[in-house]
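Reviewing the structure listed below.
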Amino acid sequence: MTLALRPPMGWNSWNYGLNERNRADFNRLTEQTVLAQANAMVDSGMLAAGYEYLVLDDGFQNGRRDHLGRLQGHALRFREGIPALIEEVKSLGLKFGIYSVPGSLTCAQQYDDYIADGLGSLGFETIDANAFAEWGVDYLKYDWCRAHLNDGLEPQEAFKKMSDALKSSGRDIVFSISEYGLFKSHDWAPEFANLWRTTDDLIASFDSILRTLDLQENLYPYSKPGAWNDPDMLQVGNGSLTLSENRAHMYLWAVLNAPLMAGNDLTRMSDEVRDLLIHPGIIAIDQDWGGQQGRLVYSVGEAQVWSKPMADGSKANVLLSRGVTQETFKLAELFTDVSSVTDVWSGDSIDINSVLEIPPHDALLLLTK
Ligand code: GLA
């Protein structure tokens, strides 16, 4: 059975757990905070909109494995234990995702001084896969974290090893891998992973969004249902991103058929951010497979158009104003052989003879037929 026939959607704890300086604050990651987010996924309408996976990222682990060699939750922050947490999250109608790494050290051990004794899955692949299956895990994020340097591992082989262990576990578990685009995973990951990261971590700034976007330019031939390019989790609603920057980010990820993993605090998001995250028209574009993910089709100065075919023969187009001045888009020049143009956000039709001015760091999402 092919998993992730559409780009996975959910909420992941990592971006939520970062402080203003973009450093991990593990005190924010507890049983209580995770359950509060899970409840907010349901209450805010995120689950109903399609965000179904709650993924517990790095930093949930206790300092060492248990007597069976299994990962366990941090003794103070996850007192009831991970299996109980999973049960509670799943009782809300959500699916559950978890985090591990192919080498010996997780990225939090590497970069955030997370004090622990070799938490990685190296040598524990079967134990971990079987434990995840037994606990009812539906999604695994498997993160490289310099395992070539620390453990001399070869990426394709190491990721495949966990893929095989998951398959032997007897449970369908979506396999999300990340090597930040270091080893051209798009060439080999589609054979066994459902999604692969294409870049380093996306942070909550427009610069980072543009830098990440530019690295997607040549990757459109590689994704397909069950195997998606992953330009990293959403930063919508985080940091100092403005509403128009959030909008551009969300529109772009949708035409890229990107996995949509929110990472904001769902218990305190503004109505504007919620409305953007759950907008049915945007999500429908992200989840639609028209035969190819979106790609750059027009670029003049700081004005760009990223466009994707839709299954019904129409096209979804992001008109993006990247710079610090507004950009002018003449629709009749951009779109030929088009009989109707619709603004996805408002549902309004737009005259093909319109000349649109898009403010700096903003975008418009148009469906053309
Ligand atoms: C890496 C990944 C992030 C996150 C952290 C966890 O930086 O790219 O998405 O999983 O590790 O430590």
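The values are calculated or read from the model by the stated rules, or taken from the named source; none is laboratory data. Being a predicted model, the structure only gives us computed values, none of them experimental. Cβ sites come from the backbone with ideal geometry, for glycine too, and all protein chains shown count toward neighbours. Note: accessible area is taken over every heavy atom of the protein model, side chains too, but ligands, DNA and RNA are not part of it. Shrake-Rupley method; radii C 1.70, N 1.55, O 1.52, S 1.80 Å.
Could you check how many percent of all C-alpha pairs in the chain are farther apart than 30 Å? Kindly include the intermediate steps, with their values, before the conclusion.
Details: 24545 of 67896 pairs.
Pairs farther apart than 30 Å: 36 percent.
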In range of the label at GLN110: residues from region 44-82 whose backbone nitrogen is under 18 Å from the point 7 Å along Cα→Cβ: 57-61
Listed residues LEU105, LEU260, LEU195, most fluctuating in the chain (Gaussian network, C-alpha, under 10 Å): LEU105
FRET E, pair GLU191, ARG6, Förster distance 22 Å, beta-carbon r, rounded to 0.05: 0.70
Most mobile listed residue (VAL341, VAL300, VAL318) in the chain, GNM with C-alpha springs under 10 Å: VAL300
Gap separating the Cα centres of region 117-164 and region 7-26, nearest whole Å: 21
GNM result for the chain, Cα springs below 10 Å: residue of LYS90, LYS141, LYS308 fluctuating most strongly: LYS90
Using a Förster distance of 30 Å, the FRET efficiency for ARG28-GLN326 (Cβ separation, nearest 0.05): 0.20
Region 167-220: proportion of alpha-carbon pairs further apart than 19 angstrom, %: 37
Cα gyration tensor shape of region 96-213, rounded if a/c is under 1.5, else prolate or oblate by comparing a/b with b/c: prolate
Hz values of 3J(HN,Hα) by residue in region 223-235 - Karplus curve (6.51, -1.76, 1.60), Gly and Pro given as x: 8, 6, x, x, 8, 10, 5, 10, x, 5, 5, 5, 10
Mean Cβ neighbour count within 10 Å, used as a protection proxy, ranking 284-295, 47-58 highest first: 47-58, 284-295
Hz values of 3J(HN,Hα) by residue in region 285-292 - Karplus curve (6.51, -1.76, 1.60), Gly and Pro given as x: 5, 4, 8, 7, 10, x, x, 6
Expected 222 nm ellipticity per residue - DSSP helices of 4 or more, -39500 (n - 2.57), all of the chain, to 500: -8000 deg cm²/dmol
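Let me spell out the model: positive unit charges on the Cβ of Lys and Arg, negative unit charges on the Cβ of Asp and Glu, origin at the Cα centre of the chain. What dipole size does that give, in debye rounded to 20? Don't skip to the end; give the middle numbers.
Numbers: 30 positive and 51 negative charges, 101 e Å.
Magnitude of the dipole: close to 480 debye.
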Mean accessible surface per residue for region 26-141, computed with a 1.4 Å probe while every protein chain stays in place, in Å²: 39
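Taking only C-alpha pairs under 8 Å that are 6+ residues apart, what is the relative contact order of the chain in percent? Walk me through the numbers on the way to the answer.
Details: 789 pairs, mean separation 51.9, N = 369.
14 percent.
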Accessible area per residue, Å², region 154-275 with all protein chains present, probe 1.4 Å: 38
Amide H contacts under 5 Å for ASP232, placed H, 5+ residues apart: THR198
Amide H contacts under 5 Å for GLY10, placed H, 5+ residues apart: GLU52, TYR53, LEU260, MET261, ALA262
Residues whose placed amide H lies under 5 Å from that of SER205, excluding near-sequence neighbours: none
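Keeping the other protein chains in place, figure out the carbon and sulfur percent of the accessible area of region 69-130, with a 1.4 Å probe. Intermediate results must be reported in sequence, preceding the final value.
Details: 1340 of 2610 Å².
C and S atoms contribute 51 percent here.
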Accessible area expressed per residue, region 279-337, with surrounding protein chains retained (probe 1.4 Å, Å²): 44
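Dipole size in debye (nearest 20) for region 1-156 around its Cα centre, Lys and Arg Cβ +1, Asp and Glu Cβ -1? Working shown, then result.
Working: 13 positive and 21 negative charges, 30 e Å.
It works out to roughly 140 debye.
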Cα lying deepest toward the dipole's positive end in the chain, options LEU296, ALA48, HIS186, charges on Cβ: HIS186
Fraction of accessible area attributable to carbon and sulfur, region 267-316 (%, probe 1.4 Å): 45
Inter-label distance, nm, simple model (7 Å from Cα along the C-beta direction), ARG146/LEU215: 1.7
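If I take R0 = 25 Å and measure r between the Cβ atoms of GLN287 and THR242 in this structure, what FRET efficiency does the formula 1/(1 + (r/R0)^6) give, to the nearest 0.05? Don't skip to the answer; put the middle values down first.
On the way: r = 26 Å, r/R0 = 1.04.
After rounding to 0.05, the efficiency reads 0.45.
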Karplus-derived HN-Hα couplings along region 162-168 (A = 6.51, B = -1.76, C = 1.60, θ = phi - 60°), whole Hz, x at Gly and Pro: 6, 4, 5, 5, 5, 4, 6
Accessible surface of region 151-217 [probe 1.4 Å, protein heavy atoms]: carbon and sulfur percent: 45
